[in-house]
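To start, the structure itself, in structure tokens.
The values are calculated or read from the model by the stated rules, or taken from the named source; none is laboratory data. This one's a predicted model, so the numbers in the text were calculated from it and none came from an experiment. A quick note on method: Cβ atoms are made from the backbone with ideal geometry, for glycine too, and the neighbour counts reach across all protein chains shown.
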Ligand code: ADP
Ligand code: MG
């Protein structure tokens, strides 16, 4: 295997207004290797790839590729140099044939006459190199996403790529399709290409990569040989925490069920492509965390429980009785509430008043035929503004004028007004200041003491440990473990999130 340095990025800096996306980042990829680029959300992975592929130009730093200094100004420049990118969303043309897509923009032919035989021959050659069997004459749009990705890779090969960048190509593929993709990746590595692989799945990192680079908050954490870094060390580097492997208790937390009365329970409950079938049970008066890395399936689980996405297996029970939840409306009727992670997109209606935002869920639950009277609305607002200490001049102020923390409190109030038995809080403290954070945490404790079942999701491990009495750990879209009691500490959680007990 040739091992020379194919790509060297040195001291790359990139700023956006108000954000340093990359600061002094080095990144090296050798010919004949698969190199993972890793880091939690916002680490700078996509920005680094965009600098490399000419989508952005760096503010600082140098790029050396194949022995020359380069400064691609557009993806086309990068492609001509031999750097090709395959994104998660295949950016090809669904209505054209496979052959046309593979040669798009560089079709052989002269004077405007396409040489169809040459186009098809070249497309077939590129696919044969991947050992992929597909008819080059069918419309791209008629193929599975997995197959479309293969076509995208074939297109990259047709450009004589020396470096292939795969930015989260596996997010929507099933196990068999991932295996197929890995086979192709290994084959290309064997032919001396350099491959950059961005993924959230640690199993995939260990299955297919030779080396890896970790970024955090726009900074280089380090470059490592995959085989020399344990999962736990890797997770520690991604999250920026020291971990001590010696504290690792060999016995994986036995997956114990709570004996207490269950308010919300599921059995064999899952959705293909989202989360594997799981069992769980949540009792009144407990705060149960869903722990896991980005992409582990936390939000997907919440969305299934609340009926935003539909489970395709298993059953769900509310207060011991079998319940059918097919829509959020069903969920609310059953006593569930869901404070979503994306306040801006799914949560607040910025131009409406605090009052209008606050009554929304309750009004929805009652239905259009039983509108809440104005006095009732005002009483509700008065109550929650006082109870949650929402800082606003009055209930008629547009919610967009409130700080993030106070907007979050209005959202909480919106759901509490429905008097739920179960409330799911997805990243309830994201983007709010410390003071507001503490208040939200106190409020969670109060809800628990009032007998609600609270499901808590947060990317901050310390926050999960602080607020939860029990944490269910998801990894690679499977429920893989549970911690409670003395075992519920950051160290143990990180081990389970990393999956070290299986390694
Ligand atoms: P990753 O891909 O690792 O999740 P990104 O490279 O997308 O991280 O983002 C790194 C940081 O740069 C984040 O703080 C993000 O908000 C910011 N950022 C990325 N692209 C832009 C942009 N076009 N404009 C402003 N900020 C951006
Ligand atoms: Mg990204």
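Candidates 45, 14: the one that is assigned by TED's automatic domain parsing to the domain that holds residue 237 and modelled with pLDDT under 95 is 45.
For residue 440, the criteria (1) surrounded by 13 or more Cβ atoms within 10 Å (Cβ to Cβ); (2) outside the structural domain of residue 460 (by TED's automatic domain parsing) hold in every case but one, which is (2).
Yes or no, residue by residue, for (1) modelled with pLDDT of 95 or more; (2) in contact with a helix residue (DSSP H, G or I) (Cβ under 9 Å, 6 or more places away or on another chain); (3) under 25 Å from residue 299 (Cα atoms):
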residue: 338; (1), (2), (3): no, yes, yes
residue: 341; (1), (2), (3): no, yes, yes
residue: 355; (1), (2), (3): yes, yes, no
residue: 366; (1), (2), (3): no, no, no
residue: 371; (1), (2), (3): no, yes, no
residue: 391; (1), (2), (3): no, yes, no
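If the condition is being in contact (Cβ under 8 Å) with a residue 40 or more places away in the chain and either in contact with a helix residue (DSSP H, G or I) (Cβ under 9 Å, 6 or more places away or on another chain) or within 16 Å of ligand 2 (Cβ to nearest atom) (or both), then region 1-18 contributes 1, 7, 9, 12, 14.
Residues in region 149-174 that are within 16 Å of ligand 2 (Cβ to nearest atom) and touching a helix residue (DSSP H, G or I) at 6+ places or on another chain (Cβ under 7 Å) were compared, and the one that is modelled with the lowest pLDDT is 172.
Taking the criterion of being more than 24 Å from the chain's Cα centre (by Cα) and within 17 Å of residue 284 (Cα to Cα), the residues of region 423-446 that qualify are 443, 444, 445, 446. What are the residues in region 395-406 that are at pLDDT below 90 and in contact with a helix residue (DSSP H, G or I) (Cβ under 6 Å, 6 or more places away or on another chain), if any? If the condition is that a residue be at pLDDT below 90 and in contact with a helix residue (DSSP H, G or I) (Cβ under 6 Å, 6 or more places away or on another chain), then 405 is the only one that fits. Hey, among 368, 395, which residue is more than 19 Å from residue 427 (Cα to Cα) and either in the same structural domain as residue 459 (by TED's automatic domain parsing) or buried (at least 20 other Cβ atoms within 10 Å of the Cβ) (or both)? After applying the criteria, what remains is 395.
If you go through region 116-172 and keep only what is within 16 Å of ligand 1 (Cβ to nearest atom) and either surrounded by 19 or more Cβ atoms within 10 Å (Cβ to Cβ) or in a helix (DSSP H, G or I) (or both), you end up with 165, 166, 167, 169, 170. A count restricted to region 28-47 and to residues that are over 19 Å from residue 460 (Cβ atoms) and within 10 Å of ligand 2 (Cβ to nearest atom) stands at 5.
Residues checked against (1) loosely packed, with under 15 Cβ neighbours inside 10 Å; (2) within 27 Å of residue 135 (Cα to Cα); (3) modelled with pLDDT of 90 or more:
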site: 61; (1), (2), (3): no, no, yes
site: 66; (1), (2), (3): no, no, yes
site: 72; (1), (2), (3): no, no, yes
site: 83; (1), (2), (3): no, yes, yes
site: 91; (1), (2), (3): yes, yes, no
site: 105; (1), (2), (3): yes, yes, no
site: 109; (1), (2), (3): yes, yes, no
site: 114; (1), (2), (3): yes, yes, no
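Select from region 185-204 the residues that are more than 16 Å from ligand 2 (Cβ to nearest atom) and crowded, with 19+ Cβ neighbours inside 10 Å and write down the one among them that is nearest to residue 120 (Cα to Cα). Residue satisfying both the conditions and the ranking: 188.
The set of residues in region 443-478 that are assigned to a loop (DSSP other than H, G, I, E, B) and surrounded by fewer than 20 Cβ atoms within 10 Å (Cβ to Cβ) comprises 450, 451, 459, 460, 469, 476. Considering region 266-276, and only residues there that are touching a strand residue (DSSP E or B) at 6+ places or on another chain (Cβ under 6 Å) and closer than 20 Å to residue 299 by Cβ, the residue that is surrounded by the fewest Cβ atoms within 10 Å (Cβ to Cβ) turns out to be 276.
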